[in-house]
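What follows draws every value from the coordinates through simple rules; no lab data is involved. No experiment lies behind these values; they were computed from the predicted model shown. Here the Cβ is made from the backbone with ideal geometry for all residues, glycine too, and neighbour counts use every protein chain on show.
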Amino acid sequence: MSEPKFYGTPPPGVAREGYSGKLIVIEGTDGVGRSTHTAMLRSWLEARGHAVIDTGMTRSVLAGRGLKEAKTGTTLGRLTMQLFYATDFADRLENEMLPALRAGFVVLTDRYIYSAIARAAVRGVDPRWIRSVYGVALVPDLILYLRVQRAEELVSRVLASGRKFDYWESGMDLNLGADFYDSFVEYQTRLLVEFDRMAGEYGFRVVDASRPIRRVAADLRRAVARVIEADEAADKTEGASVAASTITDG
Amino acid sequence: MISYGKHRLPGKLFVVEGTDGSGKSTQLALLHQWLKAEGHPVFFSEWNSSPLVKETTRRAKKRRLFTPTTFSLLHATDFADRTERDIIPPLKAGAIVLADRYIYTAFARDVARGCDRAWVRDLYRFAVRPTVAFFFRAPLDVAIDRVVSGRPALKHYEAGLDMDWSDDAEESFKIFQGRILEEYDRMVSEFGLTVIDATRSIVHQQREMRRIVMRHLEGEEAAA
């Protein structure tokens, strides 16, 4: 059982009792392979008998649709966007993640508050303010940061996926470059700087994502196994001591 | 991001606050008419009116999806959109902006719902400090009576039924409004709210309001 720890003030009405699940975060910039690795981790965990739910940005019942619609236009203001994302996050935290953790699930989340904080920082939003807003966030059991050195690496991945450059992923609202390509590279470069800054602050487990998928996946599994097996070992010890006391009682 | 109290904008921002049924919207509408007749450029902005957020709020209320935290965050999102779109640009242009409910509504309601006082205040740190924030103070029974008798049924969140204080809508509404009023009273000195006695006649209240507003506009004209 972990005692729930929050970065700031916990949301009101959230039970303070411990939970037996694990909150595992996959973070990284756009195109770094987060969704691929999240899916792979999920099947691996399920194969080992763990119940898993995964979640990610803009997937909340409350705000997901509205946020996606707001992003189809270009009138979404800087602060409005941050707060809309925070609403989406809080809904998933309170209604998806926390209940699943209490029920003993492994919760895999594709991005957490760190992407939101990085995006806010790149847009000149007060870093203390955005951290205070996300003070309601639960401190995860593990934060895996998929890191690439240079934004150019991400470009080839976007191209390989057959997607077009996305307006927001390219930071087009910031007027950073003449076109989507220039803007994408500049925007993602700035995000990488912010992620590096946060690595120490939040204790990211940094994984070099420039390597082949197979090797990255192996690293991720090893890190996840450590977090999960620490608990399984504790379970066994507990089981053993129960057995021992039964024998003594008899 | 410019923090509360740090904006330097040539326009004037007048806001009205108070519990439901305090008569603040009536007073603001009268002020609006008067300022327009006097030839001032006036913009009006209302709580909960951002076109980007409206549909999400409507759905969430209907399907009862809110927790105190998401209620607070979505209203802050709505307010941020209005600040970025409807409040700061006209104030930059030197216009008068009138707001029916402002950040103090969120502070009162969200804290009444159990949100942390400091957290909610920080959430709205980007807000422009009003030139004057009028607080129409009505005793609890007067305000409750005006709302309950004037409307077919209290709505779920309006009555605070999400908080499980009482199964009875009217009872729950009373508890909720009592807590809200307590928060408003606490904010009078914290934020320098201008208290208007909402039990006085409509004409009397409006006269008082215009006198105060005029003082702020005259100061400007004398300087120009």
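Which value at 222 nm does chain A reach when only helices count, each DSSP H run of 4 or more adding -39,500 (n - 2.57), with the total divided by all residues and rounded to the nearest 500 deg cm²/dmol?
-17000 deg cm²/dmol
Using Cα atoms only, what is the angle between the long axis of helix B:103-112 and the major principal axis of chain B, expressed in degrees (0 to 90) to the nearest 10?
20 degrees
For chain B, what does -39500 (n - 2.57) per DSSP helix run (n ≥ 4), summed and divided by total residues, give at 222 nm, in deg cm²/dmol to the nearest 500?
Helix contribution divided over all residues of chain B: -16500 deg cm²/dmol.
With a ≥ b ≥ c taken as the square roots of the eigenvalues of the C-alpha gyration tensor of the protein assembly as shown, please select rounded if a/c is under 1.5 and otherwise prolate if a/b is larger than b/c or oblate if it is not?
oblate
Provide a whole-number value for the mean count of partner chain Cβ atoms within 10 Å of the Cβ atoms in peptide A:6-13.
6
If you take the beta carbon distance between B:T26 and A:T75 as r and set R0 to 35 Å, what does 1/(1 + (r/R0)^6) give as a FRET efficiency, to the nearest 0.05?
0.65
Number of Lys-Lys pairs in segment B:12-217 under 13 Å by Cα, sequence gap 8 or more or different chains?
Lysine pairs satisfying the spacing and distance rule in segment B:12-217 number 4.
As an exercise, take the mean of 1/r over every pair of distinct alpha carbons in segment A:22-249, invert it, and state the Kirkwood radius in angstroms.
18.9 Å
To the nearest 0.05, how large is the calculated FRET efficiency for A:R222 and B:H156 if R₀ is 41 Å and r is the Cβ-Cβ distance?
Once rounded, the FRET efficiency stands at 0.25.
Taking a spot 7 Å from the Cα of A:R163 along the direction of its beta carbon, which residues of segment A:137-156 have an amide N less than 17 Å from it?
A:146-148, A:151-156
Relative to the present Cα-Cα distance, how much length would full extension add between A:R150 and A:V61 at 0.36 nm per residue of separation?
28.6 nm
What distance in nm separates the simple spin-label points at A:D182 and B:H216, each placed 7 Å from Cα in the Cβ direction?
Inter-label distance under the simple model: 4.4 nm.
Please compute the volume of the convex hull spanned by the alpha-carbon atoms of chain B and report it per residue in Å³.
Taking the convex hull of the Cα positions in chain B, it is 126 Å³ per residue.
Using +1 on the beta carbon of Lys and Arg, -1 on that of Asp and Glu, and nothing else charged, what's the dipole of chain A about the Cα centre, debye to 20?
380 debye
With each label point set 7 Å from Cα along the Cα-Cβ vector, what nm distance links A:V206 and B:F44?
Label at A:V206, label at B:F44, 5.7 nm between them.
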